[in-house]
Structure formats: structure tokens, C-alpha cells
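Trainee: This is the structure, below, for whatever I ask next.
The values are calculated or read from the model by the stated rules, or taken from the named source; none is laboratory data. In this text the structure is predicted, and so the values were computed from the model without any measurement. All Cβ positions, even for glycine, are placed from backbone atoms using ideal geometry, and neighbour counts span all protein chains on display.
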Amino acid sequence: MNRFDQPKDRPDPHAWDWRYGGTDIATFDAKTGALRATSKVFDPSDVLWGAAVLERGAHTYVYGAEDDPAAQTRHAHVARVGRDQLLDRDAYRFWNGSDWVADQAKSVRVGARVSPQFGAYQAKDGSTVLVTQDGFEQAVRAWRADSPEGPFVGGDVVAEIPRQPNERHTYNAVPHPHLAPDGDPDGLLVSFNVGGADFMNDHTSYRPSFVEVPGERLPGGGIDRSSPERP
């Protein structure tokens with residue numbers, strides 16, 4: 001759960017003037033849906049943590065997206081924690097390019113250009129694949145690495161999101177590796193968000209939208225759906 005606030009110390013705040021305040025994990029009662037507790041796990045920084053999550057082996061990998069306004073993109077970072085230690089912020093380790101370290105500020109870019117929300121899965125060849133958009137482009141891209149910490153390479157276009165009416169834009173494409181398109185058991189279903197100036201007049205623009213990725217276009221030999229280690 002990402003926390004945001006609107007700064008009060010700026011001379012002319014506006015509706016989109018948000019500031020990232022860190023990432024928490026919220027625990028809910030499975031039967032009633034009631035909120036039990038929130039646990040702070042990531043401090044505020046230039047990296048928005050929790051953009052994607054992947055379970056591999058004994059660890060849960062949590063990806064972040066570092067904002068890079070000059071390049072008009074974001075860069076992936078990664079942390080990991082033992083599966084049974086998710087609520088223990090002191091147990092998280094951050095990839096510094098050569099090792100896992102406790103200092104969040106030592107986290108480095110791992111190669112992929114991403115959006116604030118994306119997804120990861122394990123491929124059939126054992127590699128890790130990130131699926132994302134780069135900003136508001138129409139392309140859905142796949143980045144591949146031999147391990148969850150990268151370095152990720154590729155960024156090849158695996159699908160194109162259809163252009164939307166009324167100059168609406170699309171963003172934050174997310175893969176759903178547990179779902180396959182009809183007639184293509186090796187394919188991938190990807191959801192994406194739609195926004196625009198007219199959304200207050202047309203609520204249908206905020207309904208879920210999807211695009212299908214053919215299995216032959218996915219890197220790493222496709223999705224390893226036999227593995228229980230899914231997002």
C-alpha cells in the first residue's frame with residue numbers, strides 16, 4: 001500500500017501535486033475483510049516500492065520504480081525478504097548491483113524502464129520477466145533477466161494497446177500470468193488503465209481493459225505455469 005500526501009509547503013499546490021510517503025503492508029481479516037493492521041516497510045524516496053511482487057524460492061521479491069523526470073521514464077529497482085518476514089522491515093535487503101544490503105538508499109537500477117505499476121513472472125527457462133509500459137506509450141514491453149535481481153535486457157514490444165477514443169491515455173499495464181487468452185494456453189492476459197479529461201462524464205472509461213499477448217512473443221520460452229511461485 002503506497003502512501004501519498006499533498007504538500008502544504010508549496011506556494012501553489014494543485015490536484016496532482018502528490019508526494020510519495022512510503023509503502024506499508026496492510027493485513028486484513030480473510031473472513032470479514034476488516035483491516036487488522038498496517039506495517040511500514042519502505043521509507044519515502046525517489047523509488048516507489050511495491051510496483052510489482054514476485055515469489056521465487058525462499059524469498060519474496062518486491063520491485064520499485066524510480067522516477068526519472070529528465071528522461072520521462074522510471075527505472076526498476078528490487079528488494080527481497082524471506083517469505084515469512086514480510087512485516088519485518090529490518091529483514092528487507094536491497095540489490096546494490098553486486099550484493100543484497102540492508103541500506104535502502106544503496107538500491108540501484110536493474111536495467112528495465114517501467115511504469116509505477118507493472119508485473120513479473122517466472123518463465124519456462126527459469127528466467128524472470130517483467131512486463132510493463134514505459135510511461136503512456138501504447139506498447140507493452142517485456143524485459144528478461146537470468147535472475148530476479150537482473151540485469152534486465154530486451155524491452156521488446158510484445159503487444160500494442162489500442163488507441164482510445166476522446167484522446168484518452170493508457171498506462172500501468174500489468175500481466176496476469178495465471179490467466180491465458182482463449183485458444184492460446186501459452187499466451188498472456190495484460191490489463192491496463194485508461195484515463196482522460198472526460199472520465200467524469202463517462203464512467204465506462206474506468207472499467208477494466210485488457211490486451212492479449214500471443215505465447216510465441218513472450219521471452220524465456222513462455223510462462224512457467226507449473227510453478228506455484230506466481231505473483
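Trainee: Among the candidates ASP125, ASP90, ASP84, single out the residue that is without any contact (Cβ under 8 Å) to a residue 12 or more places away in the chain, out of contact with any Phe, Trp or Tyr (no Cβ under 9 Å at 6 or more places or on another chain), surrounded by fewer than 17 Cβ atoms within 10 Å (Cβ to Cβ) and among the charged types (D, E, K, R). Show your work before the answer.
Mentor: Values: ASP125 fails: without any contact (Cβ under 8 Å) to a residue 12 or more places away in the chain; ASP90 fails: without any contact (Cβ under 8 Å) to a residue 12 or more places away in the chain.
Going through ASP125, ASP90, ASP84 in turn, just one is without any contact (Cβ under 8 Å) to a residue 12 or more places away in the chain, out of contact with any Phe, Trp or Tyr (no Cβ under 9 Å at 6 or more places or on another chain), surrounded by fewer than 17 Cβ atoms within 10 Å (Cβ to Cβ) and among the charged types (D, E, K, R): ASP84.
Trainee: With respect to the numbered conditions (1) more than 26 Å from VAL190 (Cβ to Cβ); (2) touching a residue at least 24 places away in the same chain (Cβ under 8 Å); (3) not hydrophobic (A, V, I, L, M, F, W, C), which one is the sole condition not fulfilled by GLU55?
Mentor: Tallying (1) more than 26 Å from VAL190 (Cβ to Cβ); (2) touching a residue at least 24 places away in the same chain (Cβ under 8 Å); (3) not hydrophobic (A, V, I, L, M, F, W, C), GLU55 fails exactly one: (1).
Trainee: When the residues of the stretch 65-81 are filtered to those that are more than 21 Å from ARG144 (Cβ to Cβ) and out of contact with any Asp or Glu (no Cβ under 7 Å at 6 or more places or on another chain), which remaining residue is surrounded by the fewest Cβ atoms within 10 Å (Cβ to Cβ)? So that I can check it myself, show each step before the final result.
Mentor: Initial filter on the stretch 65-81 (more than 21 Å from ARG144 (Cβ to Cβ)): 67-72, 81.
Checking the rest, the ones that are also out of contact with any Asp or Glu (no Cβ under 7 Å at 6 or more places or on another chain) come to 68-72, 81.
On the way: ASP68: 13, PRO69: 8, ALA70: 6, ALA71: 11, GLN72: 10, VAL81: 21.
That would be ALA70.
Trainee: Hey, another quick one. Run ALA65 past the list (1) among the hydrophobic types (A, V, I, L, M, F, W, C); (2) modelled with pLDDT under 95; (3) part of a strand (DSSP E or B); (4) under 26 Å from GLY196 (Cα atoms) and report the number of the one that doesn't hold.
Mentor: Going through the list (1) among the hydrophobic types (A, V, I, L, M, F, W, C); (2) modelled with pLDDT under 95; (3) part of a strand (DSSP E or B); (4) under 26 Å from GLY196 (Cα atoms), ALA65 breaks only (2).
Trainee: Here is a further query. Among the residues that make up the stretch 106-115, is at least one of them assigned to a strand (DSSP E or B) and over 22 Å from ALA70 (Cβ atoms)? Outline the logic, then answer.
Mentor: From the stretch 106-115, those assigned to a strand (DSSP E or B) are 113-114; that's our starting set.
Of the ones still in play, those that are also over 22 Å from ALA70 (Cβ atoms) are none.
No.
Trainee: Another question, if that's okay. Has the stretch 68-84 got any residue that is among the aliphatic types (A, V, I, L, M), at pLDDT below 95 and not in a helix (DSSP H, G or I)?
Mentor: Initially, the stretch 68-84 is screened for residues among the aliphatic types (A, V, I, L, M), giving 70-71, 76, 78-79, 81.
Among the residues that remain, those that are also at pLDDT below 95 are: 70-71.
Checking the rest, the ones that are also not in a helix (DSSP H, G or I) come to 70-71.
Taking every residue of the stretch 68-84 in turn, at least one turns out to be among the aliphatic types (A, V, I, L, M), at pLDDT below 95 and not in a helix (DSSP H, G or I).
Trainee: Then there's this: Between a first residue in the stretch 29-44 that is assigned to a strand (DSSP E or B) and a second residue that is of a type in the set (A, V, I, L, M, F, W, C), which pairs have beta carbons less than 6 Å apart while being 6 or more apart in sequence or on different chains?
Mentor: Hits for this filter: LEU35/PHE28; THR38/ALA26; SER39/ILE25; SER39/LEU87; VAL41/ILE25; PHE42/TRP49.
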